[in-house]
1. According to the square roots a ≥ b ≥ c of the eigenvalues of the Cα gyration tensor, what is the shape class of the stretch 57-191, taking rounded for a/c under 1.5, prolate for a/b larger than b/c otherwise, and oblate for the remainder?
2. Out of residues 5 or more away from residue 40 or on other chains, whose amide H comes under 5 Å of its own, with H placed 1.01 Å from N in the peptide plane?
3. What's the magnitude of the charge dipole for the stretch 1-113 around its Cα centre, counting Lys and Arg as +1 and Asp and Glu as -1 at the beta-carbon? Answer in Debye, nearest 20.
4. Which shape class, rounded, prolate or oblate, goes with the stretch 125-191 when its Cα gyration tensor gives a ≥ b ≥ c as root eigenvalues, a/c under 1.5 marks rounded, and past that a/b bigger than b/c marks prolate?
5. Going toward the positive end of the dipole of the chain, with +1 on Lys and Arg Cβ and -1 on Asp and Glu Cβ, which of 44, 134, 78 do you reach last?
6. At residue 168 and residue 186, where each label point lies 7 Å from the Cα along Cα→Cβ, what is the point-to-point distance in nanometres?
7. Between the stretch 66-101 and the stretch 118-161, what's the alpha-carbon centroid distance in Å?
8. What is the sum of charges around residue 1, taking Lys and Arg as +1, Asp and Glu as -1, for the other residues whose C-beta is under 10 Å from the C-beta of residue 1?
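Where a number appears in this text, it was derived from the coordinates with a stated rule and is not lab data. Quantities reported herein were computed from a predicted structural model and do not represent experimental measurements. All Cβ positions, glycine included, derive from the backbone under ideal geometry; neighbour counts span all protein chains shown.
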Amino acid sequence: MKENWKELENSIIDCKKCKLCMTRTNIVFGTGNKNADLMMIGEGPGADEDKQGIPFVGRAGKLMDKAFEGLGLKRDEVYIANVVKCRPPQNRVPEDDEVKACLDYLRNQVILVNPKIIVLLGSTALKNILGKEYGITQARGKWIEKKGIMYMPTWHPAALLRDENKKIEFWKDLREVIKKYEEIKENKNGK
Ligand code: URA
Ligand code: SF4
């Protein structure tokens with residue numbers, strides 16, 4: 001556990017804790033508001049993210065940005081990270097040994113951000129954060145509270161590119177998230 005961002009960021013530079021280090025271009029650590037009440041967690045970097053070192057900048061990310069825009073949420077208001085920080089070859093699902101090696105970074109990010117709400121984008125985020133017993137089709141759209149954090153599992157934005165129904169459900173889930181997020185903000189402001 002690193003107590004601050006500088007230490008955590010320094011600890012990941014040149015990370016070789018798993019085999020994904022051999023094929024990556026850049027480590028994609030995370031981006032956004034480090035004090036956010038709302039955090040989004042994806043699976044792992046794709047080709048564009050690997051090139052730029054920033055999460056969700058490719059096609060899936062553009063779709064997510066569009067949803068944010070439509071819901072009046074600014075990308076830099078939230079904190080965005082992934083389960084694994086290096087791109088799996090051919091965008092395959094990260095393997096268990098890779099997740100195991102990498103997950104401490106994400107756990108540490110969650111502790112430092114201290115969000116009230118975490119949106120789990122897709123099956124990989126759901127299963128590795130809340131447990132393998134969860135399935136995204138069943139779990140999506142429903143709040144799960146754990147250790148004072150409200151989790152909302154939803155579709156991964158890449159899945160929306162292939163399925164119009166999922167797009168509708170994704171928007172619905174994000175609307176729920178925004179509702180709760182606004183409530184939290186209002187409570188903070190003492191209204
Ligand atoms: N898909 C993810 O899960 N994460 C990214 O950063 C980009 C695409
Ligand atoms: Fe290290 Fe994570 Fe990259 Fe593996 S995926 S090399 S554990 S930063």
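1. In terms of gyration-tensor shape, oblate.
2. When sequence neighbours closer than 5 places are left aside, the close amide H contacts are 79, 80, 81, 119.
3. Values: 18 positive and 18 negative charges, 47 e Å.
Computed about the Cα centre, the dipole is about 220 debye.
4. Working: a/c = 3.12, a/b = 1.40, b/c = 2.22.
Since a/c reaches 1.5 but b/c is at least a/b, the shape of the stretch 125-191 is classed as oblate.
5. 134
6. Roughly 2.8 nm, to one decimal.
7. So the separation of the two Cα centres works out to 13 Å.
8. Values: positive: 2, 107; negative: 3, 7, 104.
Net local charge, residue 1 excluded: -1.
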